[in-house]
Structures are given as C-alpha cells and as structure tokens.
Amino acid sequence: MADSLVMPGDRPLVHIYSDGACSPNPGWGGWGTLVIARNHGDVTREFSGAEANSTNNRMELTGAIMGLRALNRPCTVVMHTDSQYLHNAFVKKWLGSWQKNGWLTAARKPVVNQDLWRELIELAGIHDLEWKWVRGHADNELLNRCDALAVAARLELQRKATTGS
C-alpha cells in the first residue's frame, strides 16, 4: 500500500498502534494506543486506560477499539498489533467462522470477548482496514510506547485501588 496522504475515496491514511498488558493474567489490565494521522503531518495522539478485572486479550481488543473510536470519519487504517489473537481473527478469517458458527469456536465453545469482537467488527466496517503484525517487546518504538502506556495505566489503576486515592 502506498503511504500517500490521502487514499482512494479521499479517506485519510491513519496508522494505529495498540497494545494490551495484564498482570497477573487475568488481573489488572491496561491498554495503550497511538493514532498517527498521516495527512496532518504525522500528528500523533496517545490514549490509554485500564480495568481491574481483565485479561491480556481483552486489553489488546480494547486498545484497537479505542484507536478506531478516536477517528471522526471513515479512514484508511493500518492497524499495528503484536497480538496474534487480534491479527489472526481478521487476517485468517476466524471472525467469519465464529459468526457462521453462532459465535462458537472450532471446538464448539463460546467465543471469549464477544462484546469486544462485536464492537470491533462494527468499527472496522466503517474504515478500510489493513492489519500488520509486529513482534512485541522488540525494536518497534511505537509499539513499545503503547506497551509503556498500557503498563502505566494498569499500574495507576492498581495504585488508586490499593491506596484509595
């Protein structure tokens, strides 16, 4: 895909990097997201949040959702994630299979995180979405920033819960 400023159909090109963190898993979870607007001089917005009782997969999904929620018009989006779970659900068409099977996995068990998957499918339908898998905790500066945001959000929520402030 060309990295031009405006994509076919006059949709701006946006890169979203997202990551989730949970410790223990399940337990205190955080997510971090960067939204980079290519047609606005690579302006970058950072988002993060946390949940007390979560899983790493829920936080990975939430990070992607929050990045897409931040867009105020249909865009061409390149979504960067280190989550095989998230990446493969779209790229390997797991989502289509789950939906055809009544939200059951190949093992005939209910798909976990259906609420988030349904929202992500709805948001993805608004945009032209390309998925890029990135090795986690490696040399990708932008994904590492998302990880730092996710961990910081998780730790801050945990600190507030334990100190009451």
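The values are calculated or read from the model by the stated rules, or taken from the named source; none is laboratory data. Keep in mind that this is a model prediction, so the values were computed, not measured. Glycine gets a Cβ as well: all are built from the backbone with ideal geometry, and neighbour counts include every protein chain shown.
Taking the criterion of being exposed (fewer than 14 other Cβ atoms within 10 Å of the Cβ) and either at pLDDT 95 or above or among the charged types (D, E, K, R) (or both), would at least one residue in segment 79-87 satisfy it?
Yes, there is a match, as at least one residue in segment 79-87 is exposed (fewer than 14 other Cβ atoms within 10 Å of the Cβ) and either at pLDDT 95 or above or among the charged types (D, E, K, R) (or both).
Looking at segment 42-60 only, could you name the residues that are surrounded by fewer than 22 Cβ atoms within 10 Å (Cβ to Cβ), charged (D, E, K, R), modelled with pLDDT of 95 or more and not in a strand (DSSP E or B)?
Matches in segment 42-60: ARG58 only.
Among the residues of segment 20-41, are any part of a strand (DSSP E or B), modelled with pLDDT under 95, among the β-branched types (Val, Ile, Thr) and surrounded by fewer than 24 Cβ atoms within 10 Å (Cβ to Cβ)?
Within segment 20-41, none of the residues are part of a strand (DSSP E or B), modelled with pLDDT under 95, among the β-branched types (Val, Ile, Thr) and surrounded by fewer than 24 Cβ atoms within 10 Å (Cβ to Cβ).
Which residue pairs have Cβ atoms closer than 9 Å, lie 6 or more positions apart in sequence or on different chains, and pair a first residue in segment 1-29 that is over 13 Å from ASN39 (Cβ atoms) with a second residue that is at pLDDT below 65?
MET1/MET7
Restricting to segment 107-155, and then to whatever is at pLDDT 95 or above and of a type in the set (Gly, Ala, Ser), can you tell me which residue is surrounded by the most Cβ atoms within 10 Å (Cβ to Cβ)?
Among those residues, the one meeting the criterion is ALA150.
With respect to GLY63, determine if the residue is of a type outside the set (A, V, I, L, M), surrounded by 14 or more Cβ atoms within 10 Å (Cβ to Cβ) and touching a Phe, Trp or Tyr at 6+ places or on another chain (Cβ under 7 Å).
Yes; evaluated as a whole, the condition is true for this residue.
Return yes when TRP94 is farther than 20 Å from GLY30 by Cα and modelled with pLDDT of 95 or more and no when it is not.
No; evaluated as a whole, the condition is false for this residue.
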